[in-house]
Amino acid sequence: MNIEQKINQLREELRQHNYKYYVLDTPTISDYEFDMKLKELQQLEETHPEFYDPNSPTLRVGGEITKNFETVVHEHRMYSLDNSYSREDLLDWEKRIKKLVDGEVYYTCELKYDGASINLTYENGALSKAVTRGDGIQGDNVTTNVKTIKSVPLKLTGDFPPKFDIRGEIVLPYEGFAKMNQERIAVGEEPYANPRNTASGSLKLQDSSETAKRPLDCLLYSIKGNKLAITTQYESLVKARAWGFKVPVESKMVHSIDEVLDFITFWDEHRHDLPYETDGVVIKVNDLQQQEELGFTAKAPRWAMAYKFKAEQASTTLHEITYQVGRTGAITPVANLEPVLLAGTTVKRASLHNADQIAKLDIRVRDTVFVEKGGEIIPKIIGVDFQKRDQNSQPTQYITQCPECDTSLIRKEGEAQHYCPNDQGCPPQIIGRIQHYISRKAMDIEGLGGETVALLVNEGLITNYADLYQLTKEQIIPLERMAEKSADNLITGIEKSKEIPFERVLFALGIRYVGETVAKKLAKHYKSIDAIIAATEEELVNVDEIGIKIAQSVQEFFAAEGNKTLINRLQHYGVQLEISADKLANQTDTLKGQTFVVSGVFEKVSRNELKKLIEDNGGKVSSSISAKTSYIVAGANMGPSKLEKANTLGIEIISEDEFLSKIT
C-alpha cells in the first residue's frame, strides 16, 4: 500500500468511526485508538502536503483564523416560522391550508431545537460552505468553524444529489454546557448565560481551534435544492440520515391535527429528558408538492407552523419606567426590573408597549409584576401581583413630553403609540434613521456600524444620511477608535453603497410603513423615485398590496421639504433612485392587469421561476382561485378541487407551454 492509499484508508476509517460515535452514538473503538489513528494521519499529511484534502478528518481540530466573516447571500431564503400557542391556532392554520391545496394533508412533526440556525451546502458529497441564518436573505460564512463540529459530515455516503443545501440548528447539549461553565468558574471567569447564545457565539470565534474545543452538535431537518428526487418532508429526513447527517429520531409523520396535538402533549412533558434545549414543535405539511402550492407569505412559509411550549414565568419588582424614542419618533415605555433569571437568561428590562397596555394592566412603579418570555425570547410583563401592591402607590402617568428633546408628544387617532413630531431635531430619531439607512437589509454599508453613526452625529459631522456621502477620511481619522484602515473601509463602504439597487434604497429611506416587501412593490410598479413622488394617493392605493395608510405615509414623506432636499442630494451623489437599465430590460408589461394561479408540477421551468416570469412581465401571482383570476397555469397533478373551482368560475386553464408562448 503506497502513502496516498494509506492516507485515504485512514481518512475513511476515521470518518466511519466519527459517524458511529457522534451521529449514531454507537462507538466501535476506544477514544485512545481513535486519537492514535488521527495522530498517524496528521503526521502523514504534514509530510505529504501534495495529498491535501479540504475535508480531511484532521481539519476538525481547527486552527484557521478568520478576521472577518464573509457575507453570503442564501441561494434559498431562510424564512422565519409563524407561531401558534393553542389547539385553535392549529385548527385555523389547517383550515387555511385545506382551502389552498387538494387531497389529504399529512404532517411531519419535529421538535424545535433552540440553537443557532445554519445552512450547509454540499457539492458532490463534500461540505463546501456553512452559512449562518443572518437576516434570512444573507448570512456569515462560518465554514472553518463548522468543520470542527464532529456531527457535521465532511463527506457523505449513499445516493445524495450532486448539489443541495441542508438546514438545521447548531446546539450545545446541557451536559457540555454545564462542563464549560464548571471550567470557567474554576478559573474565576463568569459562567455563560445559556446554551443557545453560547452556541451562536461559538460560530463567530476567530480561531477555529477554540470552536473545536466546544462540545457543539448539529441537528439537521430541512433539505433545499433544485430537482431533488424527494417527494415528502419525512422522506427527506430518512434520506438525510442515510447520507450521514444527524437527524433527530423524535420526528414523526402524522395524519391529523389531533395526532399533532398528541405529539405536542407528549414532548411538552418529556422535553426535559432530552440532552438539548427545545422550545416547541414544528409542524410541516408533509407533501412537498403541497408545500409548493401553499408557498410563502412575505415572512414565513404557509406550509409550516411552530407550536411554542408555554413560556416560562417569574415574578420580580418593577423599579422604574423609562421611555425610548425610535427612529420614527415612536415612544416605547420600558420596565426596568429587579434582575430575575428566566429561561436561562437574566432579565432586567421588559417592553411595556404603549400607554394603553400600562393602563390595561394597571402597572405601577414598585409593583411586583409577572414576567414572561414570549416564545422564550422577548421578555414581557403579563400582569401585576395586586396582593403585594403598596397601598400608597399611584397610577402611572404617561409622559407628555419627549424624554430626549422635550417636544410635546402627539398620538394620532386610531394608533396605540405616542410620537415625538420633532423628526429633524430629536437626536435618537436622527441617529436611528441613519442607522436604518446603513443596515444590512438596506444600504449595507461595510465599515459603518450603529455606534459609529452615533459618534458621527454627536461630533456634528452628519445630521442625515445624505451627509454620509460628503464625509472625508481626514474628518473620520481623529474620531475615537478610528484607525486609518477603518477610515478607508468606511469611505469605501459608503462609495460602494451607490451600487445598491433602487428597491433597497427605497426601503433605506425609512418611510413609515414601507418595509422590504412594500418597497419592492413600489419600485417595481413605478420604476423610479420621481414617478413615486408624482403619484396621487389614489394611484398609490391601486398598486398591489398598498393600502390607504401606506399611501398617505408615502405622500407625507415626499411632501416634506427636508425629505425633498435629501432625495435631490442622494440623486446628485449617484445613489440608485431608479431601476437599472439591466433590470428594466428583463421586465415588460405584457401581462399587466392579469392575475395567475400556478398549480401542479412543471417540466421546463420550476414553479418559482414561473412565478418570477409572471411578475417580470407585469402580472400578479395569487395563491387562491377567485373571480379575479385571469388564468390558471396548470402542470401535472393539478388538484381536482382547483379544477372544479376553475370550471365553476369559468376561468381559463392554460398549460406551461401556452403560458410561455404568451411572453415570447
Can you name the residue in the range 93-122 that is modelled with pLDDT of 90 or more, over 28 Å from VAL142 (Cβ atoms) and open to solvent by less than 70 Å² (accessible area, probe 1.4 Å) and is also farthest from the chain's Cα centre (by Cα) among such residues? VAL105
Identify, please: which residue in the range 301-324 is touching a Gly at 6+ places or on another chain (Cβ under 8 Å), assigned to a strand (DSSP E or B) and modelled with pLDDT of 90 or more and is, among those, farthest from ILE257 (Cα to Cα)? PRO301
Test VAL554 against the criterion of being assigned to a helix (DSSP H, G or I), in contact with a helix residue (DSSP H, G or I) (Cβ under 9 Å, 6 or more places away or on another chain), β-branched (Val, Ile, Thr) and surrounded by 14 or more Cβ atoms within 10 Å (Cβ to Cβ), and give yes or no. yes
Those residues of the range 611-625 which are within 22 Å of ALA523 (Cβ to Cβ), outside any strand (DSSP E or B) and either of a type in the set (A, V, I, L, M, F, W, C) or open to solvent by less than 40 Å² (accessible area, probe 1.4 Å) (or both) amount to LEU613, ILE614, ASP616, ASN617, GLY618, GLY619
I'd like to know if the range 259-272 contains one or more residues that are within 26 Å of THR132 (Cα to Cα) and among the hydroxyl-bearing types (Ser, Thr, Tyr). no
Residue hits (the range 432-464; closer than 24 Å to ASP406 by Cα and in contact (Cβ under 8 Å) with a residue 40 or more places away in the chain) are GLY432, ARG433, GLN435, HIS436, ASN464
Mind checking which pairs have a first residue in the range 637-661 that is touching a residue at least 12 places away in the same chain (Cβ under 8 Å) and assigned to a helix (DSSP H, G or I) and a second that is among the hydroxyl-bearing types (Ser, Thr, Tyr) and open to solvent by less than 40 Å² (accessible area, probe 1.4 Å), Cβ under 8 Å, 6 or more apart or different chains? LYS642/SER599; ALA646/THR629; LEU649/THR629
Under 6 Å between Cβ atoms, which residue pairs at least 6 apart in sequence (or on different chains) link something in the range 355-366 that is among the β-branched types (Val, Ile, Thr) with a partner that is part of a loop (DSSP other than H, G, I, E, B)? ILE358/LEU352; ILE358/THR396
Give me the residue from the range 177-201 that is open to solvent by less than 50 Å² (accessible area, probe 1.4 Å) and within 18 Å of the chain's Cα centre (by Cα) and, out of that set, farthest from VAL285 (Cα to Cα). GLY201
Can you name the residue in the range 54-77 that is part of a loop (DSSP other than H, G, I, E, B) and at pLDDT 80 or above and is also farthest from the chain's Cα centre (by Cα) among such residues? SER56
Hey, GLU578 charged (D, E, K, R) and in contact with a Lys or Arg (Cβ under 9 Å, 6 or more places away or on another chain) or not: yes
For the range 488-529: of the residues being of a type in the set (Lys, Arg) and closer than 30 Å to GLU415 by Cα, which is most open to solvent (accessible area, probe 1.4 Å)? LYS520
Any idea which of LYS604, LYS628 is surrounded by fewer than 16 Cβ atoms within 10 Å (Cβ to Cβ), part of a loop (DSSP other than H, G, I, E, B) and either out of contact with any Ser or Thr (no Cβ under 7 Å at 6 or more places or on another chain) or in contact (Cβ under 8 Å) with a residue 40 or more places away in the chain (or both)? LYS604
Within the range 430-460, work out how many residues are of a type in the set (A, V, I, L, M, F, W, C) and under 19 Å from the mean Cα position of the chain (by Cα). 3
Taking the condition surrounded by 21 or more Cβ atoms within 10 Å (Cβ to Cβ), assigned to a helix (DSSP H, G or I) and in contact with a Phe, Trp or Tyr (Cβ under 8 Å, 6 or more places away or on another chain), does TYR469 pass? no
Could you look through the range 631-664, keep only residues that are under 17 Å from GLN587 (Cβ atoms) and among the β-branched types (Val, Ile, Thr), and pick out the one that is most open to solvent (accessible area, probe 1.4 Å)? THR664
Looking at (1) of a type in the set (D, E, K, R); (2) open to solvent by 50 Å² or more (accessible area, probe 1.4 Å); (3) over 24 Å from ILE149 (Cα atoms), which is the only condition LYS204 fails? (3)
May I ask you to verify whether THR332 is part of a strand (DSSP E or B), buried (at least 20 other Cβ atoms within 10 Å of the Cβ), in contact (Cβ under 8 Å) with a residue 24 or more places away in the chain and not hydrophobic (A, V, I, L, M, F, W, C)? no
Flagged in the range 549-562 as closer than 17 Å to ALA531 by Cβ and without any contact (Cβ under 8 Å) to a residue 24 or more places away in the chain, in numbering order, are ALA551, GLN555, ALA559
Select from the range 342-366 the residues that are farther than 20 Å from PRO195 by Cβ and either among the basic types (Lys, Arg) or exposed (fewer than 15 other Cβ atoms within 10 Å of the Cβ) (or both) and list them in ascending order. LYS348, ARG349, ASP356, ALA359, LYS360, ASP362, ARG364, ARG366
For the range 198-213, check the following and say yes or no: at least one residue is free of Cβ contacts under 8 Å to residues at least 60 places away in the same chain, aliphatic (A, V, I, L, M), part of a helix (DSSP H, G or I) and more than 30 Å from HIS255 (Cα to Cα). no
Take the conditions open to solvent by 50 Å² or more (accessible area, probe 1.4 Å), out of contact with any Gly (no Cβ under 6 Å at 6 or more places or on another chain) and under 23 Å from ALA519 (Cα atoms) and apply them to LYS485. Does it pass? no
Matching residues in the range 227-249 - criterion: being in contact with a helix residue (DSSP H, G or I) (Cβ under 9 Å, 6 or more places away or on another chain), surrounded by fewer than 18 Cβ atoms within 10 Å (Cβ to Cβ) and either among the acidic types (Asp, Glu) or closer than 15 Å to PRO153 by Cα (or both): GLU235
Only one of these is of a type outside the set (A, V, I, L, M, F, W, C), exposed (fewer than 14 other Cβ atoms within 10 Å of the Cβ) and modelled with pLDDT under 90: GLN401, GLN424. Name it. GLN424
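The values are calculated or read from the model by the stated rules, or taken from the named source; none is laboratory data. Because the structure is predicted, anything quoted here is derived from the model rather than measured. Ideal geometry is used to build each Cβ from the backbone, glycine not excepted, and the neighbour counts take in all protein chains shown. Surface areas here come from the heavy atoms of the whole protein model, side chains and all, with no ligands, DNA or RNA. Shrake-Rupley method; radii C 1.70, N 1.55, O 1.52, S 1.80 Å.
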